[in-house]
Amino acid sequence: MISEEQLDQYRVEGISLRVVRDGMEVNDVMGIVVAWDADSVVIRKRNRKVVKLSRGYVYEPVTAPRTQL
């Protein structure tokens, strides 16, 4: 689970993230952190739509190599 401090850093700096949900790269969500609570994170995608995702997924900068699950 991603920490509050890491989420706040990503939000303040406006870092584009990749959310790895499973082993298929096609299913990754990319966007910026908008908000979060104890169980979920709200990500704004490039097309300005927002999605609510579990905090249990892998959150990493888009510039970093993709984590393989």
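For R55, state whether it is open to solvent by less than 50 Å² (accessible area, probe 1.4 Å), touching a Lys or Arg at 6+ places or on another chain (Cβ under 8 Å), in contact (Cβ under 8 Å) with a residue 40 or more places away in the chain and not hydroxyl-bearing (S, T, Y). Taking the combined requirement at face value, the residue does not satisfy it. Considering the conditions (1) of a type outside the set (K, R); (2) within 16 Å of I2 (Cα to Cα); (3) in contact with a Gly (Cβ under 8 Å, 6 or more places away or on another chain), L53 is excluded by exactly one of them, (3). Quick one: is R66 open to solvent by 70 Å² or more (accessible area, probe 1.4 Å) and in a loop (DSSP other than H, G, I, E, B)? Criteria not met by R66. Candidates are the residues of the stretch 4-21 that are hydrophobic (A, V, I, L, M, F, W, C) and open to solvent by less than 70 Å² (accessible area, probe 1.4 Å); the one that is nearest to T67 (Cα to Cα) is V20. Within the stretch 43-53, none of the residues are among the β-branched types (V, I, T) and part of a loop (DSSP other than H, G, I, E, B).
Just one of the listed residues (M24, M30, M1) is hydrophobic (A, V, I, L, M, F, W, C), in contact with a Gly (Cβ under 7 Å, 6 or more places away or on another chain) and either surrounded by fewer than 16 Cβ atoms within 10 Å (Cβ to Cβ) or in contact (Cβ under 8 Å) with a residue 12 or more places away in the chain (or both), namely M1. Take D22 and tell me if it is acidic (D, E) and in a loop (DSSP other than H, G, I, E, B). Yes.
The values are calculated or read from the model by the stated rules, or taken from the named source; none is laboratory data. These numbers were taken from a predicted model, which means no experiment stands behind them. As a convention, Cβ positions derive from the backbone with ideal geometry for all residues, glycine included, and neighbour counts pool all protein chains shown. Protein only, heavy atoms only, side chains kept; ligands, DNA and RNA dropped before computing areas. Shrake-Rupley method; radii C 1.70, N 1.55, O 1.52, S 1.80 Å.
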